[in-house]
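Enquirer: Dropping the structure in here first, questions after.
The values are calculated or read from the model by the stated rules, or taken from the named source; none is laboratory data. Owing to the predicted nature of the structure, the values given are computational and were not obtained by experimental measurement. In this analysis, Cβ positions are derived from the backbone assuming ideal geometry, glycine residues included, and neighbour counts consider all displayed protein chains. With ligands, DNA and RNA removed, areas are computed over all heavy atoms of the protein, side chains included. Shrake-Rupley method; radii C 1.70, N 1.55, O 1.52, S 1.80 Å.
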Amino acid sequence: MRRAAPLPVRDGLGPARVRLHGGPVLAELESRFGEQARAKVLGGEVVCADGVAVTGTTVLPPGAHVYFYRELRDEVPVPFDIPVLYRDDDIVVVDKPHFLATMPRGSHVAQTALVRLRRELDLQELSPAHRLDRLTAGVLLFTTRREIRGAYQTLFARGLVE
């Protein structure tokens, strides 16, 4: 089971999780992501899985993970609303429009159903129970709490939802 990130959701977006090759973290992140990553490490903005801030001298083994908030690029706004069809304490059901990705990935981060709904509904633990691709419009179900997420995702994974 995947552990929760040591940093909370911020402005609708969780932290980036980076698997390391191993060795000095500052050097690896700088070589992979450039000067912005170096500044984040030196500014105390990168943390280990236990929540401890990475320093300029931190060395971690291969396969270890660090977390930080990525800088968001400008994105083309998807000019469609996301109508809420149903909402209770456990789930939110929406009508996802065409051209809106379900989850952040690649160049689509803030303009995704997940991030927009987290911001609009102020539900930081909101998570999709299934996905629709970016070009597909349709009904999308989100869970509101981590403790119920797995049950709903399992229903979709087993094809038990009609």
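Enquirer: Identify the residue in region 82-99 that is of a type outside the set (A, V, I, L, M) and in contact with an Asp or Glu (Cβ under 8 Å, 6 or more places away or on another chain) and, among all such residues, is farthest from Leu123 (Cα to Cα).
Expert: Pro97
Enquirer: When the residues of region 15-42 are narrowed to those that are of a type in the set (Gly, Ala, Ser) and over 14 Å from Arg70 (Cβ atoms), which ends up most open to solvent (accessible area, probe 1.4 Å)?
Expert: Selected residue: Ser31.
Enquirer: So, of the residues in region 47-72 that are closer than 17 Å to Asp11 by Cβ and of a type outside the set (Asp, Glu), which turns out to be modelled with the lowest pLDDT?
Expert: Across region 47-72, the extreme among qualifying residues is Leu72.
Enquirer: Additional query: Please tell me if Glu75 is more than 24 Å from Pro8 (Cβ to Cβ) and not polar (S, T, N, Q).
Expert: no
Enquirer: What residue, of Asp95, Asp74, is charged (D, E, K, R) and assigned to a strand (DSSP E or B)?
Expert: None of the other options fit; the residue is Asp95.
Enquirer: Can you name the residue in region 134-162 that is more than 15 Å from Leu117 (Cα to Cα) and touching an Asp or Glu at 6+ places or on another chain (Cβ under 8 Å) and, of all such residues, is surrounded by the most Cβ atoms within 10 Å (Cβ to Cβ)?
Expert: Ile148
Enquirer: Out of curiosity, is Pro8 more than 17 Å from Thr58 (Cα to Cα), out of contact with any Asp or Glu (no Cβ under 9 Å at 6 or more places or on another chain) and open to solvent by 50 Å² or more (accessible area, probe 1.4 Å)?
Expert: Judged against the criteria, Pro8 is a match.
Enquirer: Going by the conditions given, is Leu135 in a loop (DSSP other than H, G, I, E, B) and of a type in the set (A, V, I, L, M, F, W, C)?
Expert: Answer is yes for this residue.
Enquirer: Being out of contact with any Pro (no Cβ under 7 Å at 6 or more places or on another chain), closer than 22 Å to Arg149 by Cβ and in a loop (DSSP other than H, G, I, E, B) is the filter here; which residues of region 98-108 pass it?
Expert: Leu100, Pro104
Enquirer: Examine region 111-119 for a residue that is open to solvent by 70 Å² or more (accessible area, probe 1.4 Å) and either within 23 Å of Val9 (Cβ to Cβ) or in contact (Cβ under 8 Å) with a residue 12 or more places away in the chain (or both), and state whether such a residue exists.
Expert: Yes: one or more hits.
Enquirer: For Ala129, work out the one condition from (1) surrounded by fewer than 17 Cβ atoms within 10 Å (Cβ to Cβ); (2) modelled with pLDDT of 95 or more; (3) farther than 18 Å from Pro77 by Cα; (4) not hydroxyl-bearing (Ser, Thr, Tyr) it doesn't fulfil.
Expert: Among (1) surrounded by fewer than 17 Cβ atoms within 10 Å (Cβ to Cβ); (2) modelled with pLDDT of 95 or more; (3) farther than 18 Å from Pro77 by Cα; (4) not hydroxyl-bearing (Ser, Thr, Tyr), Ala129 violates only (1).
Enquirer: Let me ask another. Return the only residue of Tyr86, Tyr67, Tyr152 being in contact with a Leu (Cβ under 6 Å, 6 or more places away or on another chain) and of a type in the set (Ser, Thr, Tyr).
Expert: Tyr67
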